[in-house]
Amino acid sequence: MRAVWITACVLLTAGLVGVLTWAVLLHQRLQVTPPDVQPLDWWEHTIIYQIYPRSFKDSDGDGIGDLKGITSKLQHFVDIGVGAIWMSPIFVSPMVDFGYDVSDFYNIHDEYGTMADFEELVEKAHELGIKVLLDYVPNHASTESEYFTKSVAREPGFENFFVWADPIIDPNNPTNPLVPSNWISQFGGSVWEWNESRQQFYLHQFAIEQADFNFREPAVNQEMMNIMRFWFDKGADGFRVDAIPHLFEANPANHGGVYPDEPLSGNMFLTADQPGYTTQEFTRDQIELYDVVYSWRTFADQYANENNRETIVLLAEAYANVSMTMLYYGDEDSRVGAHFPFNFDFITELSAGSSARDFVYVIKRWLTYMPPGHVANWVFGNHDQKRMPSRFRTDMVDGLNGLNMLLPGVAITYQGEEIGMRDGYVSWEDTVDVAACNQGNPDNYLDYSRDPARTPYHWDNTISAGFSTSPNTWLPVGQDYMEINLQSQLDAPRSHVKVYQLLSALRKEPTLSHGQYHIQALSESTLVLVRHLPTDVVDFGEVTLQAGEALVLRAPPT
C-alpha cells in the first residue's frame, strides 16, 4: 500500500486584507522514499481540552456544573477530536478561589459530586479513548485544611508545613507585629497574614485563605507525592500543576536570617499594595523549585512503569521568562521535568494589535529555545485570561484555531474556543472572583476580574444556554448565547465548530504529527505556516483573504 503524504498550509491575516501571489510552493517534487514515521506517545500530538467544571454542564439544576454533567457530554470531545480533558480543581474547597484553595486533596467537592461520579467519569472517558488530567495545586492549601490547623497548633510533623515567620518588632509599639518583608500577594496586599494563635505570620502568595506550603520541609514534598499517587490509583492520567513558580521564596538563611525586602519595580501606575509594585525577585522562580519538579517526574515515571500504565503526564503552569520556562523541561545534566511547561506566549505577548511578524517571532522563539527532543504546545486562553476572541478579534477564531492545530506539538483548547465563545458580561453585583473583589471596585473591577472568561458554556439556545435547567446560574450566562452556541453551529452548513472538526481530523495526517515546518511573515498582515514531508507539492496562484481568515491547503496523494 502506498502511503499518503500531505502538505498543510495555513495563511492567517492579522490585518485587513492579505494578498499572496505564489506560483509554486515547492517548485519540485522530491523523488525520495517517504520517511519512516515513528509512533508517538499518546500525549505528544494530542488535543488537550480544558474544562472549567463549574461552568461546563450542570446535571442537577443547581446552577453549578458538576462531574455528571461532564460525563454526559464526553461524546462532544470525541466529535471534535479531543484526546485528553483537563479539569480545573474538583477537590474539597471553601471556594474562596473556586477550587484553588483546597481543604481536602483526597476527596471531591460536594457541589461537583462524589468519588463514585469521578470514577464513572474516568471509566467512560477511557472507554472513549479520552485521557483525564486533573488540576493539582501543590503551592498552597486552604486555611481550613487539616494541614493548616495542625501547623497552627504546632503538632509534631506539621510545625513547619507552611511558611511561618516571626514579626518585626515595632520600635514605637512592641505589641504591634510588623510584617517580615514588603512582599505583595498576587491578589493584592501583603503576602503576610498574622495568626493570633501561633503568634507568627504565615505567607500566602494568593488569597489570605490560601497558605503557602513550605517546600524546604521534606514531609511536604512527600505528602504531595502521596496525593499524586492517590489520584493515579483512581485512574488519573496526569496533572496540570498549578502555580509552580511560587513553590519557593527567598531563603532567610541566605539573607542574614531575614526575609529580604524586594526592590521597587518603578511602575508609577501601581500602588504599594498591588502585584508588580515590587520586582518579585524573591517570591517566584527560585532555582530550588526545579529540583522538586524533576523529582515529581521521576515519581510519575516510576509509578507508570511499576503499574504497567501508559505515560502519566505532568504539565507545568509557569509564567516566566523564556530561559526559566525551558528549565521545566529539564536541565543540562539530563534530568527531565514536566512533559512540557505551558506556552502562554499567545496570551502574554500577542493581541489584536499584533502584526504577522509579531506572531512569527513569538512562535519561532519558543521553538528555538525549546530543548531538542521535547514537545511544543500552544495555549490561546484559559480560566485566568480573557477568552481568545475577546483578546484578539471575533473574526480571527478560525485562523487562530488553525494555527493551534497546525503548529507542531500539542494543541490546547479552553472550553468554548471551538465555538468562538467570547467573554460574558458579569456585573459588579454578580462578581465572585477573589482577585476582582480584593483589588477592584464598581468602577474598575473588570480590570481584575476573571469571571467573564468563566461564564457557562453555550450548549444551545434554551434556558441558560443548555448549561442548566435553572435560570439562576453561579455566573450569568453570556448575553450572546442565542447567537453563539454549539447546537446552532452543528446545524449550520459552516461554523466555527465545523472548521475545528476539520482541523482536528487533519491533525491525524503524518505531515502534521511528524512533518517539518516553515513559518514566515509575508507582510505586516499575513503569515504563512507550511507543514511538509519530503514528497509534498502544492501549486496555486493568487489568494485573497479577508481579515481574520485562514486557508488550509492539502496536496493530492502521491
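Of Lys498, Lys124, which has the most accessible area and how do the rest follow, probe 1.4 Å?
Lys124, Lys498
If the label point is 7 Å along Cα→Cβ of Asn195, which residues in segment 123-155 have backbone nitrogen under 13 Å from it?
Zone members listed by number: 141-155.
Mind giving me the FRET efficiency for Thr544 and Asp104? R0 is 60 Å, r the Cβ-Cβ distance, nearest 0.05 is fine.
Step by step, r from the Cβ atoms, then E = 0.55.
I need the peptides 441-452, 227-238, 362-373, 334-345 ranked by packing, meaning the mean over residues of other C-beta atoms within 10 angstrom, with the highest value on top.
Listed from highest to lowest mean packing, they are 334-345, 227-238, 441-452, 362-373.
Mind checking the per residue accessible area of the chain for me, 1.4 Å probe, whole number of Å²?
Accessible surface, normalised per residue, equals 41 Å².
With the cut-off at 27 Å, tell me which of the pairs Lys57/Lys131; Lys73/Lys364; Lys234/Lys364; Lys57/Lys508; Lys364/Lys508 have Cα atoms farther apart than that.
Checking Cα-Cα distances, Lys73/Lys364; Lys234/Lys364; Lys57/Lys508 exceed 27 Å.
Counting C-alpha atoms alone, how compact is segment 335-463: give Rg to one decimal and Dmax as a whole number, in angstrom.
16.5, 52
Each label point is 7 Å from the Cα along the Cα-to-Cβ direction; what then is the distance between the points at Glu281 and Glu155, in nm?
Here the modelled spin labels are 4.1 nm apart.
With a 1.4 Å probe and all protein chains in place, put His76, His518 in order of accessible area, largest first.
Largest accessible area first, the residues go His518, His76.
Ranked highest first by the average count of other Cβ atoms within 10 Å around their residues, in what order do 403-409, 319-325, 473-479, 93-99 fall?
Descending packing order for the listed peptides: 403-409, 93-99, 473-479, 319-325.
Using just the alpha carbons, could you tell me how many Å³ per residue the convex hull of segment 293-346 encloses?
Enclosed volume per residue, from the Cα hull, is 74 Å³.
Divide by every residue of the chain the summed helix terms, -39500 (n - 2.57) for each DSSP H run of at least 4, and state the resulting mean residue ellipticity at 222 nm, rounded to the nearest 500 deg cm²/dmol.
-6500 deg cm²/dmol
Rounded to the nearest Å, what's the spacing between the alpha carbon centres of segment 296-355 and segment 395-432? Just the number, please.
22
Segment 125-244: D in µm²/s via Stokes-Einstein (Kirkwood Rh, Cα pairs, 4 °C, 1.567 mPa s)?
My calculation gives 81 µm²/s for D.
Can you tell me the mean projection area, over all orientations, of the convex hull of the chain's alpha carbons? Units nm², please.
It is 28.3 nm².
Considering only protein heavy atoms and a 1.4 Å probe, what is the carbon-and-sulfur percentage of the accessible area of the chain?
Carbon and sulfur together cover 50 percent of it.
Report the extension gain between Ala492 and Arg229 in nm, rounded to one decimal, defined as 0.36 nm multiplied by the number of residues separating them, less their alpha carbon distance.
The span from Ala492 to Arg229 would gain 90.2 nm if fully extended.
Work the Kirkwood hydrodynamic radius out for segment 469-514: mean of 1/r over every pair of different alpha-carbon atoms, inverted, in Å.
Result for segment 469-514, one decimal place: 13.2 Å.
With all protein chains present, calculate the accessible area of Ser427 using a 1.4 Å probe and round the result to the nearest 10 Å².
Roughly 20 Å² of Ser427 is accessible to a 1.4 Å probe.
Equivalent ellipsoid semi-axes for segment 407-488, as square roots of 5 times the alpha carbon gyration tensor eigenvalues: give them largest first, rounded to whole Å.
The three semi-axes for segment 407-488 are 24, 19, 9 Å.
From the mean inverse distance of alpha carbon pairs (Kirkwood) and the Cα radius of gyration, derive Rg over Rh for segment 70-128.
Rounded to two decimals, Rg/Rh equals 1.02.
Give, as ranges by residue number, the residues of segment 323-361 whose backbone N falls under 17 Å from the point 7 Å along Cα→Cβ of Leu40.
Counting only backbone N, you get 339-343.
Would you kindly state how much longer the chain becomes between Asn305 and Ala219 on full extension, computed as 0.36 nm times their sequence separation minus their alpha carbon distance, in nm to one decimal?
Difference between extended and current length: 28.5 nm.
The values are calculated or read from the model by the stated rules, or taken from the named source; none is laboratory data. Since this is a predicted model, take the numbers as computed values, not measurements. All Cβ positions, even for glycine, are placed from backbone atoms using ideal geometry, and neighbour counts span all protein chains on display. Protein only, heavy atoms only, side chains kept; ligands, DNA and RNA dropped before computing areas. Shrake-Rupley method; radii C 1.70, N 1.55, O 1.52, S 1.80 Å.
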